[in-house]
1. How many of the residues in the range 81-102 are of a type in the set (Phe, Trp, Tyr) and either assigned to a loop (DSSP other than H, G, I, E, B) or not assigned by TED's automatic domain parsing to the domain that holds THR118 (or both)?
2. Going by what's in this entry, would VAL65 be described as surrounded by 18 or more Cβ atoms within 10 Å (Cβ to Cβ), of a type outside the set (D, E, K, R) and modelled with pLDDT under 95?
3. Given (1) over 19 Å from THR181 (Cα atoms); (2) surrounded by 20 or more Cβ atoms within 10 Å (Cβ to Cβ); (3) β-branched (Val, Ile, Thr), where does ILE27 come up short, assuming only one miss?
4. Among the residues of the range 109-129, which ones are more than 14 Å from ILE14 (Cβ to Cβ), surrounded by 13 or more Cβ atoms within 10 Å (Cβ to Cβ) and over 13 Å from the mean Cα position of the chain (by Cα)?
5. If you check SER41, SER52, which single one turns out to be surrounded by 17 or more Cβ atoms within 10 Å (Cβ to Cβ), within 26 Å of LEU166 (Cβ to Cβ), among the polar types (S, T, N, Q) and at pLDDT below 95?
6. If I ask for residues that are over 10 Å from ASP161 (Cα atoms) and in a strand (DSSP E or B), which ones from the range 177-194 would you list?
7. For GLY133, which of the numbered conditions (1) at pLDDT below 90; (2) over 17 Å from the mean Cα position of the chain (by Cα) fails to hold?
8. Return the pair list, or none, for Cβ contacts closer than 9 Å from residues in the range 149-164 that are more than 15 Å from MET211 (Cα to Cα) to residues that are assigned to a strand (DSSP E or B) and hydroxyl-bearing (Ser, Thr, Tyr), at least 6 apart or on different chains.
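The values are calculated or read from the model by the stated rules, or taken from the named source; none is laboratory data. Because the structure is predicted, anything quoted here is derived from the model rather than measured. Cβ sites come from the backbone with ideal geometry, for glycine too, and all protein chains shown count toward neighbours.
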Amino acid sequence: MLKVALFDLDGVIIDTEGQYFRFWDSIGKKHFPEIEDFANSVKGNTLVAIRSRYFSGQESLADEVERQLVEFEDEMTYDLFPGVENFLKQLHDAGIPCAIVTSSNQKKMASLAKQQPTLTSLFDRVFTAEDAGRGKPFPDCYLRAAEAMKAKPEECVVFEDSINGLKAGRDSGAFVIGLTTTNPHDVVDQWADIIVAGLHECRLEEILQKMRQH
């Protein structure tokens with residue numbers, strides 16, 4: 001039943017959500033004070049989607065924010081969450097291909113590679129914002145990744161933490177593992193089939209059992 005494992009990046013593989021929150025919170029307070037909780041509203045969205053939704057008709061401001069974001073991402077720390085490598089080994093030992101499906105663009109991935117040069121080698125494929133079509137919460141990124149990995153959506157398991165990402169995983173038809181690294185249990189519970197604190201809690205046999213019961 002499980003052919004492919006699809007992983008969001010930030011908040012699932014790497015511990016960056018707090019840093020992004022501070023960046024987008026400062027942008028929201030400065031440029032969009034009328035929008036409550038701006039940082040969480042953009043979480044999980046591609047930069048293209050953020051520009052389209054919030055900076056329409058403000059190209060110079062959008063360019064400046066993008067410049068600040070690229071500079072910020074180049075200086076961020078990209079620490080792996082505990083248990084990532086061990087869980088990926090479980091999947092690889094079972095012959096299950098793994099892919100990153102992220103709303104981040106290739107510029108950000110280049111910054112990540114400077115600190116974690118071997119990270120992407122742990123995965124069979126990496127799908128970025130450039131591959132996504134419509135950004136999360138639309139399911140396009142997961143549908144396209146499943147097709148590229150030669151699997152049906154229902155044969156995939158998605159690992160997500162953000163609300164937009166959880167919605168995208170659910171609406172793709174995949175089995176969704178929700179992580180509480182970013183949102184509390186009661187929020188994640190609305191869109192996830194299994195809830196864990198992080199990948200260190202994931203056990204392949206439990207996931208396979210729950211998928212069979214699904």
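1. Let us first name the residues in the range 81-102 that are of a type in the set (Phe, Trp, Tyr), namely 81, 87.
Checking the rest, the ones that are also either assigned to a loop (DSSP other than H, G, I, E, B) or not assigned by TED's automatic domain parsing to the domain that holds THR118 (or both) come to 81.
Qualifying residue count, the range 81-102: 1.
2. Details: surrounded by 18 or more Cβ atoms within 10 Å (Cβ to Cβ): yes; of a type outside the set (D, E, K, R): yes; modelled with pLDDT under 95: no.
So VAL65 fails the test.
3. (2)
4. ASP124, ARG125 - these are the residues of the range 109-129 that are more than 14 Å from ILE14 (Cβ to Cβ), surrounded by 13 or more Cβ atoms within 10 Å (Cβ to Cβ) and over 13 Å from the mean Cα position of the chain (by Cα).
5. On the way: SER52 fails: surrounded by 17 or more Cβ atoms within 10 Å (Cβ to Cβ).
One residue alone meets the criteria, SER41.
6. ILE194
7. (2)
8. As it stands, the answer is none, since no pair meets every condition given.
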